[in-house]
Each structure stands twice: as structure tokens, then as C-alpha cells.
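The values are calculated or read from the model by the stated rules, or taken from the named source; none is laboratory data. In this text the structure is predicted, and so the values were computed from the model without any measurement. With ideal geometry, Cβ positions are generated from the backbone for all residues, glycine too; neighbour counts draw on all protein chains shown. These area figures cover heavy atoms from the full protein model, side chains too; ligands, DNA and RNA do not enter into them. Shrake-Rupley method; radii C 1.70, N 1.55, O 1.52, S 1.80 Å.
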Amino acid sequence: MRIAFFDTKPYDKDAFEIFSEKRGIEFKYFETKLNLDTVELAHGFDGVCVFVNDDINDKVIDKLCEMEVKVLALRCAGFNNVDMKHAFGRIHVLRVPAYSPYAVAEHAMAMLLTSIRRIHKAYIRSRDFNFSLSGLTGFDLYGKTVGVIGTGRIGKVFINICRGFGMKVLAYDKNPKEGIEDGESIRYVSLDELFSNSDIISLHCPLSEDTKHLINSAAIAKCKRGVVIINTSRGALVDAEALLSGIKSRQVGAACLDVYEEESDLFFEDNSGHIMEDDTLARLISMPNVIVTSHQAFLTKEALNNIAETTVDNLLSFFSKGECENELCYRGGETKDCKTGKCF
């Protein structure tokens, strides 16, 4: 089988070539993202492999179908960049449901520690042989309350990390998971209670119509003054303008962002020689209490290998059996796991 691989980075190619050579899949690597302007590159291929910032809208799906492309293989867990309603009955959509929850959860904690202990500022100072401690005062995590929105694989790992620091956990999930609450330091609460009682809020939920701009002006107003907000999930969970206003008013004490709503034309690329036209992102980055990384949380050797192996296995399963346990379907107005019927 021949697969057109879009938005290729060197680390993608290194990982995928290990598994593709072993299992007889031919990938053609394209650096460009998949969108309406580039979809013709998929002509003659059995499938396409895409990442989080490829734009698979209704017109792209129609063009893929015209070219008899049979499968869309996502090398990620999220699928908000795919028009799932339009894809249903037209093209098969496969995903990688879990590659390394530890990678993302650990990155969230790394950003939090960097922010509250001013490690990034201390690093820059010491490079200039400035060893002053003025302005570097942080706070203990022990005894603080963290609100975790989304208690799937990544959320659960993040909760366990927080427990190791002696933190109290307030959790929220549309579908609460068994075995999370312990009756003491971890409990499920309403969103309003989570907002009003959390010192730190970390987002680990998928992006949907219900969760878009979950962190908005109204939510920020409900939070404790000086709350720290962490987002390693999807950029559009946070209304960036509302966040910026919250930081300026000192309602938000700090923000750690690995994702951004308008990241698709910026993240994963070197834009250091260009004028930043996104004023909101430029202002956020300029804030001394904001840390931005460029969708880096997933980027570990373990995660890359798991993504490559699962994607290759998905493709082999689909083309050999006509089905795949990691296929997505759009039924009853929601995207679901085809095998289990579970909603996302």
C-alpha cells in the first residue's frame, strides 16, 4: 500500500521508517500540510496520514474520495481538524488513541514547575552571570488545590503526578471515571466548584462544541484571583483574548500554554525571521508570567515510536481485514469509537 504522509518533520520520518520498512508500507513524505491547496498530492495513493494542523474539511474529503483515497490515518488522538460528519460514509478515519499519556502529563507539570519557580528566568539570568534571587520567589505545590478538567488517560497520569506533590485534586469530566476519587484528596466536582476552589487548573479534555472556549471570561471571573492555567490539550479550549484580559487584570496569575487556538500556521515552524502578525499570541508571549511551547508535550522518543507503530498497525489492519479497532465514526450527532460506540 502507498500512503501520502503530510506535514512531515524529521522526527516523524525517523520513527515511521523503522516500522514501515518492517511491515511493507510505502510512505511518501510531504513537508506541506494537507489542505484544499495541497490535496492533489494524494492522487494515486491508497491513504493519507495527517497530523493535528492538517485541515481535513468537507471539500478536502470530497477531493480525497474523488481520487479513491480509502483511508485517513491520524497520527494523533484528537480529530477536531476533521469534518467527521462529512467523512461518515465517505472515507475511513483511523486515529492513535493513546501514544504516551506520560509525555503530555509530565510536560504539563514541567511547565507548571518552570512557571511557579521562575526557572526560565533564573536560567536566562545565570547565563549572564546574574545570580540575584530578586523577583524569583515562587510557591509550594504541596497542599495546593489543582483542578483537572478531563480524566482520561492523560488526566489520570497528571492527577497521579499531582498526588506525588501532596496536592489536593478537584476533577471534572462529562463522563466520570471509576477509581479516580479516593474520598479525601481526589473528588469529582462541578465546573463551577472547580473554578472557584482551584489554585491551578489543567486542561486534559478533547475539543468539541461543548468544550470550545471552556476557559472564557465568565469562567475566569469565577476563578480564584491569581489562578494558574495550564493547557496541553487543544488550543481552542481557551479563549485567548479572555485569557489575555485575565492576565492584565491580575485575575490570572500565570498561564502555561503548549497549544494555541490559531497555531496551525505558526507552530512546528521556525518563524524567528518573520513579523508576528498574531497580536494576541505576541502579547501573551511578551507577558512575564506566560510560558508558551509549540505543541511540544507529545514529543518524546517513546511517544513518537508508539504513534508510528500504532498508525502502521491501524493501516495494516484496515487493508488486511477491512476494519480497525481505532476507527472513528459519526453517529447520532457525535463522533464515536466504531468498535465500542463510546462518545468523545
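General observations
- Helix axis angle, 153-164 relative to the chain longest principal axis, alpha carbon, degrees: 30
- Potential extension, ASN197-LYS321 segment - 0.36 nm per residue separation minus Cα distance: 39.6 nm
- The chain - charge dipole about Cα centre, Lys and Arg +1 at Cβ, Asp and Glu -1, debye rounded to 20: 1220
- Read-out percent of Cα pairs over 38 Å apart, derived from the coordinates shown; its label in [x] 63; [y] 19; [z] 10: [y]
- With every protein chain in place, the stretch 213-283: carbon and sulfur % of accessible area (1.4 Å): 45
- Stretch gain in nm, segment PHE131-LYS212, where the contour uses 0.36 nm per residue and the Cα spacing is subtracted: 24.9 nm
- Packing-based order for 21-33, 42-54, 154-166, using average beta carbon neighbours within 10 Å, highest first: 42-54, 154-166, 21-33
- Rounded to 0.05, the FRET efficiency of the ALA282 and MET1 pair, given R0 = 51 Å and the Cβ-Cβ distance, is 0.70.
- Rounded to whole Hz, the Karplus (6.51, -1.76, 1.60) HN-Hα couplings of the stretch 97-109, x for glycine and proline: x, 8, 10, 6, x, 5, 4, 6, 5, 5, 5, 4, 5
- Förster radius 41 Å - calculated FRET efficiency between LYS22 and ASP58 (Cβ-Cβ, nearest 0.05): 0.70
- Computed over the stretch 143-291: relative contact order in percent, which uses C-alpha pairs under 8 Å that are six or more apart: 19
- Nearest-ten-degree value, helix 301-321 long axis tilted from longest Cα axis of the chain: 30
- Cα long-axis angle, helix 10-23 against the chain (0 to 90 degrees, to the nearest 10): 40
- Under-5 Å amide H pairs with ILE229, H placed in peptide plane, nonlocal only: ILE201, ALA254, ALA255, CYS256
- Contour minus Cα-Cα distance for THR32 and LYS70 (0.36 nm per residue): 11.6 nm
- If R0 is 45 Å, the Cβ-Cβ spacing of PHE88 and ILE119 corresponds to a FRET efficiency of close to 0.45.
- Using a cut-off of 19 Å between Cα atoms, the listed pairs LYS168/LYS224; LYS144/LYS224; LYS13/LYS70; LYS174/LYS212 include LYS13/LYS70 as exceeding that distance.
- Where the stretch 128-274 is the region considered: accessible area per residue in Å², 1.4 Å probe: 49
- The residues of the stretch 70-109 have, on average, 35 Å² of accessible surface per residue, using a 1.4 Å probe with all protein chains present.
- Whole-number percent relative contact order across the stretch 1-152, with pairs defined as alpha carbons under 8 Å at least 6 apart: 16
- Whether the stretch 287-334 is rounded, prolate or oblate, judged on the alpha carbon gyration tensor where a/c under 1.5 counts as rounded: oblate
- Here the spin labels are modelled as points 7 Å beyond Cα on the Cα-Cβ line, and at SER245 and VAL189 they lie 2.5 nm apart.
- Normalised by 2.2 N^0.38 Å, where N is the number of residues, the alpha-carbon radius of gyration of the stretch 3-78 equals 1.04.
- Anisotropy class of the stretch 126-190 from Cα gyration tensor, a/c 1.5 cut: prolate
- Pair ALA221, GLU40: separation of 7 Å Cα→Cβ label points (nm): 5.1
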